[in-house]
Amino acid sequence: MAALATSAKGPPDKGSGGALIGPIAAALKRKAREIGLGAMVRKGMNMTAVVRVPDTLWRIGEEKEGKTRYGRSRQIGLHHHWHCRIIRAIPARTWEETMQKLAAGNWKMNGLAASLGEVQALLAAHPAPVCEMLLCPPATLLAQMNWAARGSNLRLGGQDCHPDAAGAHTGDISAAMLKDAGATYVVLGHSERRADHGEGDALILAKAKAALTAGLTPIICIGETEAQRDRGQTLDVIGTQLDGSTPKGGDLVIAYEPVWAIGTGRTPTIAQIAEVHAFLRARLTALIGPRAAGIRILYGGSVKPSNAAEIFAVPHVDGALVGGASLKAADFGAIVAALSAA
Ligand code: PEP
């Protein structure tokens, strides 16, 4: 086993987080010893403590401002803010083991302040789902929803962002603004934006990079039209979209959403979903390497309580992007429950 190394360089520890460094570092060293690997603890720059365990991935539960967030990393640390404290660190040998399934609701251009009652109802019924639960309201509701969901595990996301960080772009919203309002995700390249606003892969890639820079996880949507499926072009179309709109680094989510299944009540067959998701996992691996095994690939298009369980049983379906059925707490809650049970 490699020796444990400790260095005490860097800024002084601040606030309550600083007090946790000793016990966490000791616990991590113990864990590293248990699994027979070396660990390094250091202090420096804007990190207050970092432990690296060679060739090991960690699934990390962080508590920040009353919310628990799970992430994955090659290193584990207590970083950036005194109010962010690590509550759990689980060594994972593979990217797959670090994956938490995701139920994402896209409210589209729906919802007023009165709709926030649905969020309260959702949280009352599902206070601690096994899967990650995300709602993407219209931007006007983001800050209010963040307030309504304070102290809960609900994640919030935007529905689009501008590729620039700031500037003269009337009516647009930057990734940093979404983050500031409480978002940790942003949906990009939804087929409605591709169709209504003429968005193409290069622009979506630029937006995804901006999202990552601002600390948001992009959910990149791809999918074929009905005519493309009828012509046998599905895999060509989504392969090209994936290659053109996916950043090579950073955490991200892919959503396969056949355009003809969105809001229509129609879904592909289970065999068709299985074919596409297996194809996307392989294509993503070719694009970004082994890390692709831990990237969540969601299915989207007329997911509802009655079909969720069979869709979630399909290999490489790691969750859902849900439109209409996310507007009602009872429906979205049933989908969250189905994914938690999958
Ligand atoms: C969507 O808009 O991303 C979507 C999947 O919508 P629906 O669930 O209503 O088909």
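Okay, here's what the table says:
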item: So PRO290, is it away from the ligand (no atom under 16 Å from the Cβ), assigned by TED's automatic domain parsing to the domain that holds GLN159 and part of a helix (DSSP H, G or I); result: yes
item: Any hit, segment 137-146, residues being surrounded by fewer than 22 Cβ atoms within 10 Å (Cβ to Cβ), within 19 Å of the chain's Cα centre (by Cα), more than 20 Å from ALA104 (Cα to Cα) and in the same structural domain as ALA329 (by TED's automatic domain parsing); result: no
item: Conditions (1) loosely packed, with under 14 Cβ neighbours inside 10 Å; (2) within 18 Å of ALA320 (Cβ to Cβ): number failed by ILE222; result: (1)
item: Cβ-Cβ under 6 Å pairs, at least 6 apart or on other chains, segment 299-324 side part of a helix (DSSP H, G or I), far side more than 8 Å from the ligand (Cβ to nearest atom) and of a type in the set (Asp, Glu); result: PRO305/ASP331
item: Residues (buried (at least 19 other Cβ atoms within 10 Å of the Cβ), aliphatic (A, V, I, L, M) and either farther than 19 Å from GLY223 by Cα or near the ligand (Cβ under 10 Å from one of its atoms) (or both)) located in segment 309-326; result: ALA320, LEU321, VAL322, ALA325
item: Residue in segment 201-212 that is without any contact (Cβ under 8 Å) to a residue 40 or more places away in the chain, surrounded by fewer than 21 Cβ atoms within 10 Å (Cβ to Cβ) and within 23 Å of LYS108 (Cβ to Cβ) present; result: no
item: Close pairs from segment 237-258: first at positive phi, partner within 16 Å of the ligand (Cβ to nearest atom), Cβ under 9 Å, at least 6 apart; result: GLY250/PRO218
item: Count of residues meeting criterion [in contact with a helix residue (DSSP H, G or I) (Cβ under 9 Å, 6 or more places away or on another chain) and more than 16 Å from ILE220 (Cα to Cα)] in segment 150-177; result: 10
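The values are calculated or read from the model by the stated rules, or taken from the named source; none is laboratory data. Just so it is clear, the model here is predicted, and its values are computed rather than measured. For neighbour counting, all protein chains shown are included, and Cβ atoms are generated from backbone atoms with ideal geometry for every residue, glycine included.
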